[in-house]
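Asks: One structure, pasted below without further comment.
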Amino acid sequence: MEEIYRKQGMFSWNELMTTDVEAAKLFYNRLLGWEFQTLESPEMTYHIVKANGKEVGGIMALPEEAKGAPPMWGSYVTVDDVDKLVGETETLGGKVLVPPRDIPDVGRFAVIQDNQGAALTLITYLEKSGSAS
């Protein structure tokens, strides 16, 4: 990921949670020419979306806690301190939909809802020495 996207307030990642990952990959490959890199872990399978060779997002199956929800795209915004901004979200009349939690080897995130009902994912990335994606 380019350094600019690791700065406070920058949209940095887009993610599709869906009920049919393979159908979504086929659709977006044919429509937009996206390519995918599959990452396997004991917890889940995640598909990195690549556009013109650059990592721009991901696709994953809807997690168990979201079962019943329709497939949806979510946007991540980089923040300096997820935990601090979760508290400020509630002070400003928003809600915390997913409390702060860690993504191993990536960072810490939370999903919030603004005071009008729009959801957004906040993320603080881990510092990676010597990385330049």
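Each reported figure results from applying straightforward, stated rules to the coordinates on display, with no laboratory input. From a predicted model like this one, the values you see are computed outputs, not experimental measurements. All Cβ positions, glycine included, derive from the backbone under ideal geometry; neighbour counts span all protein chains shown.
Asks: Could you tell me which chymotrypsin sites (Phe, Trp or Tyr not before Pro) in region 50-133 are loop residues by DSSP with no more than 14 other beta carbons within 10 angstrom of their beta carbon?
Replies: Listed in order of number, the matching sites amount to none.
Asks: Quick check: the angle from helix 21-32's long axis to the longest principal axis of the chain, C-alpha only, nearest 10 degrees?
Replies: 80
Asks: Once you sort the root eigenvalues of the Cα gyration tensor of region 46-133 as a ≥ b ≥ c, which label holds: rounded (a/c under 1.5), prolate (a/b larger than b/c) or oblate (the other case)?
Replies: In terms of gyration-tensor shape, oblate.
Asks: Anything over 30 Å Cα to Cα? Flag those among K67/K128; K25/K84; K67/K95, in the order listed.
Replies: K67/K128; K25/K84
Asks: Filter the trypsin sites (Lys or Arg not before Pro) in region 26-107 down to the DSSP loop ones having no more than 15 other Cβ atoms within 10 Å, then list what survives.
Replies: K67
Asks: Moving to a separate point now. Please give me, ordered by residue number, the GluC sites (Glu not before Pro) of region 42-111 that lie in loop per DSSP and have at most 16 other Cβ atoms within 10 Å. Can you show the working numbers first?
Replies: Values: sites: E43, E55, E64, E65, E88, E90; in loops: E43.
Loop-located and lightly packed - E43.
Asks: If each residue's Cβ is checked for other Cβ atoms within 10 Å, how do S41, S12 rank with the fewest at the top? Numbers along the way, then the final one.
Replies: Details: S41 9, S12 21.
In increasing order of surrounding Cβ atoms, one gets S41, S12.
Asks: How about K7: which aspartates and glutamates have a C-alpha closer than 12 Å to its C-alpha, ignoring those fewer than 8 places off in the same chain?
Replies: D80, D81, E127
Asks: Run the helix sum for the chain: -39,500 (n - 2.57) per DSSP H stretch of 4+ residues, divided by residue count, reported at 222 nm to the nearest 500 deg cm²/dmol.
Replies: Taking each H run of at least 4 residues, the total per residue is -5000 deg cm²/dmol.
Asks: For a footprinting-style exposure proxy, rank E2, E15 by other Cβ within 10 Å, fewest first.
Replies: Values: E2 11, E15 16.
Fewest to most other Cβ atoms nearby, the residues stand as E2, E15.
Asks: Kindly put L122, L16, L26 in sequence by how many other C-beta atoms sit within 10 Å of each C-beta, fewest to most.
Replies: Final ranking by Cβ density, sparse to dense: L26, L16, L122.
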